[in-house]
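To start, the structure itself, in structure tokens.
The values are calculated or read from the model by the stated rules, or taken from the named source; none is laboratory data. All values reported here derive from a predicted model rather than from experimental measurement. So basically every Cβ, Gly included, is an ideal-geometry build from the backbone, and we count neighbours across all protein chains shown.
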Amino acid sequence: MTARKLTLLIDEALIERAKRIARIRGQSVSLLVSEQFSQLAAGAEKRCDPFFEALHAELLKQDRVVEEHAVAVLRSRHATEKYL
């Protein structure tokens, strides 16, 4: 498997919590996230760790914000093109 870098925007408190969990488990945050993503991709049905449930909720919230912004930009462009 080839590893690639992934940049995420995550609440600072969540990042600190992830670092504490990783330190306790003797793993890196990258490994924790990678393992969780692997389970999600494999369709694992077991309940996620509460940290990853919070991470998932944060990512969903950010997706909505990005989507809302994209819609606003497209509406603005449409209005500009239509009325100018």
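Of everything in segment 45-56 that's loosely packed, with under 13 Cβ neighbours inside 10 Å and either under 8 Å from the mean Cα position of the chain (by Cα) or not in a helix (DSSP H, G or I) (or both), which residue is modelled with the highest pLDDT? I'd like the intermediate steps shown before the answer.
If we filter segment 45-56 for residues that are loosely packed, with under 13 Cβ neighbours inside 10 Å, which is where we start, we get 45-47, 50, 53.
Those still in the list that are either under 8 Å from the mean Cα position of the chain (by Cα) or not in a helix (DSSP H, G or I) (or both) too: 45-47.
Details: 45: 53, 46: 56, 47: 59.
Once the filter is applied, the top-ranked residue is 47.
Any chance segment 64-74 includes a residue that's touching a Leu at 6+ places or on another chain (Cβ under 9 Å) and in a helix (DSSP H, G or I)? First the steps, then the outcome.
First, pick out the residues of segment 64-74 that are touching a Leu at 6+ places or on another chain (Cβ under 9 Å): none.
Looking for residues that are touching a Leu at 6+ places or on another chain (Cβ under 9 Å) and in a helix (DSSP H, G or I), one finds none in segment 64-74, hence no.
Could you please tell me which pairs satisfy a Cβ distance under 9 Å, a separation of 6+ or placement on different chains, a first residue in segment 50-73 that is in contact (Cβ under 8 Å) with a residue 24 or more places away in the chain, and a second residue that is assigned to a helix (DSSP H, G or I) and basic (Lys, Arg)?
As it stands, the answer is 51/17; 54/17, since those pairs meet every condition given.
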